[in-house]
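There's a structure below that I have some questions on.
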Amino acid sequence: MATVSSAVEIAPFAPPGFPPEPALRLTVAKYHEMSESGVIREEDRLELLDGWLFPQVIMRPLHAETVDRVGELLRSLTLPGWRVRVQLPVTLALSEPQPDATIVCGLPGAFRERHPSAQDIGLVVEVADSSLVRDRGLKKRLYAEAGIPVYWIVNLNDRRLEVFSEPTGPAAEPDYRRAESLDAAGEVPLVLDGHEVARLSVGPFFV
């Protein structure tokens with residue numbers, strides 16, 4: 001049976017190219033099987049992104065505090081039919097990232113047997129400092145390819161909220177057609193299922 005360390009060694013990095021051979025690319029089903037059998041453990045802190053295992057970025061105190069703040073801000077809103085989840089997995093075609101926050105549709109108990117998929121998600125949020133390159137690159141591509149309608153990056157390095165909308169879906173170069181960068185004095189509309197349901201001041205995102 002393969003160990004976690006060997007799996008990471010033979011698949012250290014993929015996009016935009018492929019790693020030197022030998023390489024192992026996982027399906028979501030295989031990833032779940034490895035998790036259920038104990039080959040991959042929760043404490044290993046790995047994410048499946050486009051079929052490849054990536055170590056999660058070590059969370060610094062400011063990153064952790066901002067994730068907590070984002071969760072509090074989103075949960076303070078009245079969003080009938082929607083729920084806020086913090087640092088919990090979502091399942092895409094070849095990926096199972098763990099965004100810092102998501103807003104999903106569904107009643108309590110809706111995800112007892114599965115994680116939310118792209119069709120359940122109205123907003124995904126990543127808090128970025130050392131992870132900014134991955135969040136702007138690979139993760140943005142995966143979220144756009146899956147058709148997740150709105151993606152926010154809370155950019156701690158520049159103290160800006162980056163807002164992406166209108167995903168291309170599957171394409172040669174998946175991306176979001178609209179991008180906006182807001183400073184702490186700005187306001188961001190929260191759009192769910194095509195409707196603006198709230199407006200938030202950007203400043204409180206930054207502790």
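The values are calculated or read from the model by the stated rules, or taken from the named source; none is laboratory data. Bear in mind that the values here come from a model prediction, so they are computed numbers and not experimental data. Cβ placement follows ideal geometry from the backbone for every residue including glycine, while neighbour counts extend to all protein chains displayed.
Residues being under 16 Å from S76 (Cα atoms) and in contact (Cβ under 8 Å) with a residue 24 or more places away in the chain: count how many of those fall in region 160-191.
So the count comes out to 3.
Of (1) part of a loop (DSSP other than H, G, I, E, B); (2) within 22 Å of Y143 (Cα to Cα), P80 satisfies all except one. Which?
(2)
Quick check, is Y143 under 10 Å from the mean Cα position of the chain (by Cα), among the aromatic types (F, W, Y) and not in a strand (DSSP E or B)? So that I can check it myself, show each step before the final result.
Values: under 10 Å from the mean Cα position of the chain (by Cα): yes; among the aromatic types (F, W, Y): yes; not in a strand (DSSP E or B): yes.
The answer is yes for Y143.
Another question, if that's okay. Quick one: is G38 more than 29 Å from P170 (Cα to Cα) and exposed (fewer than 14 other Cβ atoms within 10 Å of the Cβ)?
The answer is yes for G38.
So, one more: Regarding I148, is this residue part of a loop (DSSP other than H, G, I, E, B) and at pLDDT 95 or above?
Against the criterion (part of a loop (DSSP other than H, G, I, E, B) and at pLDDT 95 or above), I148 qualifies.
Run down L53, L62 and say which single residue is exposed (fewer than 14 other Cβ atoms within 10 Å of the Cβ) and either in contact (Cβ under 8 Å) with a residue 24 or more places away in the chain or in a strand (DSSP E or B) (or both).
Going through L53, L62 in turn, the sole match is L62.
Just to verify a result, which residue in region 161-181, among those that are crowded, with 16+ Cβ neighbours inside 10 Å and among the hydrophobic types (A, V, I, L, M, F, W, C), is farthest from G106 (Cα to Cα)?
L161
Which of the following residues is surrounded by fewer than 18 Cβ atoms within 10 Å (Cβ to Cβ) and at pLDDT 95 or above: D100, D158, D135?
D158
Identify the residue in region 96-107 that is under 10 Å from the mean Cα position of the chain (by Cα) and part of a loop (DSSP other than H, G, I, E, B) and, among all such residues, is farthest from V28 (Cα to Cα).
Residues of region 96-107 under 10 Å from the mean Cα position of the chain (by Cα): 96-102.
Next, only the ones that are part of a loop (DSSP other than H, G, I, E, B) stay: 97-100.
On the way: P97: 11, Q98: 14, P99: 16, D100: 20 Å.
Filtering first and then ranking leaves D100.
Then there is this: If I ask for residues that are part of a strand (DSSP E or B) and surrounded by fewer than 19 Cβ atoms within 10 Å (Cβ to Cβ), which ones from region 108-130 would you list? Show your work before the answer.
In the first step, residues of region 108-130 are kept if they are part of a strand (DSSP E or B); the result is 117, 121-128.
Selection gives S117 alone.
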